[in-house]
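Below: the structure, in structure tokens.
The values are calculated or read from the model by the stated rules, or taken from the named source; none is laboratory data. This one's a predicted model, so the numbers in the text were calculated from it and none came from an experiment. For neighbour counting, all protein chains shown are included, and Cβ atoms are generated from backbone atoms with ideal geometry for every residue, glycine included.
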């Protein structure tokens, strides 16, 4: 199922991707602003628990530069989450991952994709809107950060 976009191959994750995925997760968590997780990240633990059959990866050469996971619910929709390596943002990796996630969602008989995004993550919100996602609600002071701050989370959805 490889899809190549801008020199980045999009494919389902395989066993060998576990550790690189966990390292990407740790690097993005280190930024403390794009995902709910914060350091320290137990890379070995995350590597072991990754749901590979629900994960798309963006690969450049041998390096995983992006990830999108679809967590299917028993109700016909999937919740998605996405990370792109800081050096690869703005280069089409997120778009390629979303394109493939939408295709895969339809192929798997889903009727909807949903996600949560921080209000300050304007680049991600813009990307999701470009793909047709709409804001469906807001969880006020939903995510507690390590420093005690409480961050809102915007719910977005896309009917397939």
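Residue count for segment 50-65 under the criterion of being surrounded by fewer than 17 Cβ atoms within 10 Å (Cβ to Cβ), touching a helix residue (DSSP H, G or I) at 6+ places or on another chain (Cβ under 9 Å) and under 18 Å from residue 80 (Cβ atoms): the result is 1. The residue list 145, 138, 91, 106 contains one member that is at pLDDT below 95, surrounded by 12 or more Cβ atoms within 10 Å (Cβ to Cβ), over 14 Å from the mean Cα position of the chain (by Cα) and at negative phi, which is 91.
Taken as a whole, the structure leaves residue 153 outside the set of residues that are surrounded by 12 or more Cβ atoms within 10 Å (Cβ to Cβ) and in contact with a helix residue (DSSP H, G or I) (Cβ under 6 Å, 6 or more places away or on another chain).
Those residues that are out of contact with any helix residue (DSSP H, G or I) (no Cβ under 6 Å at 6 or more places or on another chain) and surrounded by 14 or more Cβ atoms within 10 Å (Cβ to Cβ), I need them from segment 109-122; list them, please. Correct list: 110, 112, 114, 115, 116, 118, 121. If you check residue 69 against the conditions, is it without any contact (Cβ under 8 Å) to a residue 60 or more places away in the chain, touching a strand residue (DSSP E or B) at 6+ places or on another chain (Cβ under 6 Å) and either loosely packed, with under 13 Cβ neighbours inside 10 Å or on the phi > 0 side of the Ramachandran plot (or both)? No: the conditions fail for residue 69. A residue that is in contact (Cβ under 8 Å) with a residue 12 or more places away in the chain and under 21 Å from residue 18 (Cα atoms) occurs nowhere in segment 122-130. Note on segment 112-134: among residues that are within 21 Å of residue 72 (Cα to Cα) and not in a strand (DSSP E or B), the one that is farthest from the chain's Cα centre (by Cα) is 132.
Taking the conditions exactly as written (surrounded by 12 or more Cβ atoms within 10 Å (Cβ to Cβ) and over 16 Å from residue 98 (Cα atoms)), does residue 25 satisfy them or not? Judged against the criteria, residue 25 is a match.
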